[in-house]
Amino acid sequence: MASFRIGGARRALPSSAKGAGMTLDTDFNTTELQSQDNRFLHPWDDFQAVDKNSRTIIGKSDGIYVYDTDGNRLIDGPAGMWCVNVGHGRKEMADVIAEQALRMPYYSPWSIGTPPAAQLADKLAELSPGDLDHVFFTTGGSTAVDSALRFVMFYNNILGRPEKKHIISRHKAYHGSTYLAASCSGKERDKSFLDFETNFVHHIPAPHPYRRPEGMSVEAFCDEKVADLENKILELGTDRVAAFIAEPILASGGVIVPPEGYHRRCLEICRKHDVLYISDEVVTAFGRLGHIFASEDVFSIVPDIITCAKGLTSGYVPMGAVLISDALISRIQSTDAKSAVFSNGFTYSGHPVAAAAALKNIEIIEDEGLLEHAQEVGPYFQAKLQELRDLPIVGDVRGVGLMACIESGIPDEGLDDLAMDMAIGNRIDQHCQALGLIVRPLINMCVMSPPIVITKPQIDEMVGILRKGIELAMEDAQRDGLWQG
Ligand SMILES: Cc1ncc(COP(=O)(O)O)c(C=O)c1O
């Protein structure tokens, strides 16, 4: 039991235990790499374990598969980190990145344009819902969220209402790791040992149907969650609340799919009280739910601002973006403020290599019909996962499109009780890795978001391994007396 721990560190498995072998065209020394990797302070690292990890090292990837440095093939269940949407090993992506790096690797985005950034901004404006026709480029998702929040503050300052600054977010949200984005995140376990902005960032409960009170209908639960937003706005004062930020589906919080109508009704509340709606599509955009953006096409809302990253370049190079509505820009321009300089930006805003990669990525999604493909295989993926409900340890199976979560039925109330949560997600992941699949363990959950190019036979392979991994984790839990079954 003690050998499993919360967080990302995983022990490398003996190569004999893993999936089909292959020859890597590079000779890696795994032990040496693991030792060198201990110099790398990873995201969410447990500093008590620094220098003591021996992580799986991935050395190569292709399609939906990644290969560790011992040559074992694993299905990339989380698409890296919700991002390798068009799949690994795309030569056309590598070519466009190399070509742009040779033609012109970089130029300052301050007052000067470059062809890829200009063309990408125009393309995103074409693809975005409603009048979200202007784009601010960032380096990733956190900086997109931070920039969106800073823009909201800037907007209200220009409009002469500096007190309208409060942000409402939700429990179980994840919006990033910069200070403000992290403050908007609502995952309790991420709050230990760090400081956050609490004066003007507030959280309301997540619309988590699986966790609704016993006996309450989903409809009544939805009414309650929508009312939570309005009540919070009224409690803080409509003249003080600037924005509501929400992921269409709470991703890292455990793929929490809100009840039907939730976002639409929340948007209505925001409109009623002059509160801006920021839709954080860092995970849901670029095909994950079968559409370029999910806000309008899946959830019937046209927000004021959309943040995106990850699938924008399919993770080949880092990039994020904030799409801002023309209405907000017009409103700023209609004021008599003498200048309205948004003093926010990054050396790498609109990086030409990243922008070229994003353009190629979108071209691949369009030319190969990957949205239609995701719309076809998404429901199949969900239906296959639902079959796992017959396993007694499975409490909930949920998701939309190519984004899903299996949650164990073990209650997570005693959150400080690590023995209770059993790191069951980690156990499943360990077993799945040995069988040839990476899933993303999250406490008592496993989260999955494979590359959207995944085929039905590959989904069968993935779910087959997952079933076996859950069965083995279940046996562990019973053997260790942590679960009676
Ligand atoms: C919804 C959401 N917003 C923002 C972020 C932060 O993105 P990044 O890690 O690229 O900074 C993430 C990352 O997972 C996310 O899931």
Practice task
Collect the residues in region 331-358 that are in a loop (DSSP other than H, G, I, E, B) and either in contact with a Phe, Trp or Tyr (Cβ under 6 Å, 6 or more places away or on another chain) or surrounded by 13 or more Cβ atoms within 10 Å (Cβ to Cβ) (or both), keeping them in residue-number order.
Solution key: Ala337, Ala340, Phe342, Asn344, Gly345, Phe346, Tyr348, Ser349, Gly350, His351
Completion exercise
The one condition Ser128 fails out of (1) away from the ligand (no atom under 16 Å from the Cβ); (2) crowded, with 16+ Cβ neighbours inside 10 Å; (3) farther than 30 Å from Thr455 by Cβ is (3)
Handout entry: The listed residue being touching a residue at least 40 places away in the same chain (Cβ under 8 Å) and not aliphatic (A, V, I, L, M), out of Phe196, Phe200, Phe221, Phe244
Key = Phe244
Completion exercise
Apart from one, (1) touching a helix residue (DSSP H, G or I) at 6+ places or on another chain (Cβ under 8 Å); (2) closer than 17 Å to Leu127 by Cα all hold for Ala294; the odd one out is (1)
Fill in the blank from the handout: When region 267-281 is checked residue by residue, the ones that are within 16 Å of the ligand (Cβ to nearest atom), outside any loop (DSSP other than H, G, I, E, B) and not hydroxyl-bearing (Ser, Thr, Tyr) are Ile278, Asp280
Fill in the blank from the handout: When Val255 is run through (1) crowded, with 24+ Cβ neighbours inside 10 Å; (2) away from the ligand (no atom under 15 Å from the Cβ), the failure sits at (2)
Problem - Counted residues, region 159-175 - those being in contact with a Ser or Thr (Cβ under 7 Å, 6 or more places away or on another chain) and more than 14 Å from the ligand (Cβ to nearest atom) - result: 1
Completion exercise
Output for Cβ contacts, cut-off 9 Å, separation at least six or different chains, first residue surrounded by 21 or more Cβ atoms within 10 Å (Cβ to Cβ) and at pLDDT 95 or above in region 169-180, second assigned to a strand (DSSP E or B) and acidic (Asp, Glu), reads Ala173/Asp280; Tyr174/Asp280; His175/Asp280; Gly176/Asp280
Problem - Candidates Thr284, Thr238, filtered to the one that is within 14 Å of the ligand (Cβ to nearest atom), assigned to a loop (DSSP other than H, G, I, E, B), of a type outside the set (A, V, I, L, M) and in contact (Cβ under 8 Å) with a residue 24 or more places away in the chain - result: Thr284
Exercise for the section: Residues being at pLDDT 95 or above, among the aliphatic types (A, V, I, L, M) and part of a helix (DSSP H, G or I): count how many of those fall in region 423-463. Expected result: 5
Practice task
Among the candidates Asp326, Asp297, single out the residue that is farther than 19 Å from Lys272 by Cα, in contact with an Asp or Glu (Cβ under 6 Å, 6 or more places away or on another chain) and surrounded by fewer than 24 Cβ atoms within 10 Å (Cβ to Cβ).
Solution key: Asp326
Practice task
Check whether at least one residue in region 213-222 is surrounded by 15 or more Cβ atoms within 10 Å (Cβ to Cβ), under 19 Å from Ala181 (Cα atoms) and more than 16 Å from the ligand (Cβ to nearest atom), and report yes or no.
Solution key: no
Practice task
Starting from region 250-266, keep only residues that are farther than 14 Å from Arg398 by Cβ and part of a loop (DSSP other than H, G, I, E, B), then list their pairs with residues that are more than 14 Å from the ligand (Cβ to nearest atom) and not polar (S, T, N, Q) whose Cβ atoms are within a distance under 9 Å, requiring at least 6 positions of separation or different chains.
Solution key: Gly261/Glu219; Gly261/Cys222; Gly261/Val226
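The values are calculated or read from the model by the stated rules, or taken from the named source; none is laboratory data. Note that the structure is a prediction, hence the values are computed from the model and not measured. We place every Cβ from the backbone using ideal geometry, glycine too, and count neighbours over all the protein chains shown.
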